[in-house]
Amino acid sequence: MMTVQIEKNSNTVTMRLEGRLDTTTAPALEKAINEECKTSEELVLDLKNLNYISSAGLRVLLGTQKKMNKQGSMKLTNVCEVVMDVLEMTGFADILVIE
């Protein structure tokens, strides 16, 4: 289970993810990102309360990074230790912008 809180201001969309980003929840996140970020220049994914990420979640992050690179930027913030370990082990920490 995962919840997403969305906050928009000017050209920035901030999404706060809570719970688990896995094969069950990844499609819903991808849909929300596609809907909310059509015209946005910056996407901020706040992962403070995300406590699990699977390969399906990583795929969504990578696809979103590629999409946002064409229209602006994407960054991850407040990444918890568990998720950061996964990002580092998979090499995604080198690809994604993490603050």
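What follows draws every value from the coordinates through simple rules; no lab data is involved. Computed from a prediction, not measured in an experiment: that's the story for all the values here. As a convention, Cβ positions derive from the backbone with ideal geometry for all residues, glycine included, and neighbour counts pool all protein chains shown.
Of note:
- Per-residue ellipticity at 222 nm from helix content only, as computed over the chain with -39500 (n - 2.57) for each DSSP H run of at least four residues, stands at -12500 deg cm²/dmol.
- Inter-site label distance for Q5 and M89 at 7 Å from Cα along Cβ, in nm: 2.9
- Ordering of 45-52, 67-74 by burial proxy (mean other Cβ atoms within 10 Å per residue, highest first): 45-52, 67-74
- Summing charges over neighbours of C37, with a neighbour being any other residue whose Cβ is under 14 Å away from its Cβ, gives +1 when K and R count +1 and D and E count -1.
- Spin-label pair T12-K70: with each label point 7 Å from Cα along the Cα-Cβ axis, the two points sit 2.5 nm from one another.
- Cα gyration tensor, the range 37-95 - rounded (a/c under 1.5), prolate or oblate: prolate
- Other-chain or far-sequence residues with amide H under 5 Å of V97's (modelled H): L76
- Cα-based Rg of the chain normalised by 2.2 N^0.38 Å, two decimals: 0.96
- The Cβ shell under 12 Å around L21 holds other residues with a net charge of -1, Lys and Arg each +1, Asp and Glu each -1.
- Listed values for the range 37-42 are Karplus-derived 3J(HN,Hα) couplings in whole Hz (6.51 cos²θ - 1.76 cosθ + 1.60, θ = phi - 60°), namely 10, 4, 10, 7, 9, 9, and x replaces Gly and Pro.
- Those lysines that a straight Cα-Cα span of less than 18 Å connects to K66, excepting residues fewer than 8 apart in one chain: K31, K38, K75
- For the range 16-62, applying the loop criterion from DSSP together with a ceiling of 14 other beta carbons within 10 Å to the GluC sites (Glu not before Pro) yields E41.
- Among beta bridges identified by DSSP and lying wholly in the chain, the antiparallel ones come to about 35 percent.
- Spin-label model, E81 to N34: label points 7 Å out along the Cα-to-beta-carbon direction sit 3.7 nm apart.
- Total formal charge among the other residues, if their Cβ is under 12 angstrom from that of L87, Lys/Arg +1 and Asp/Glu -1: -4
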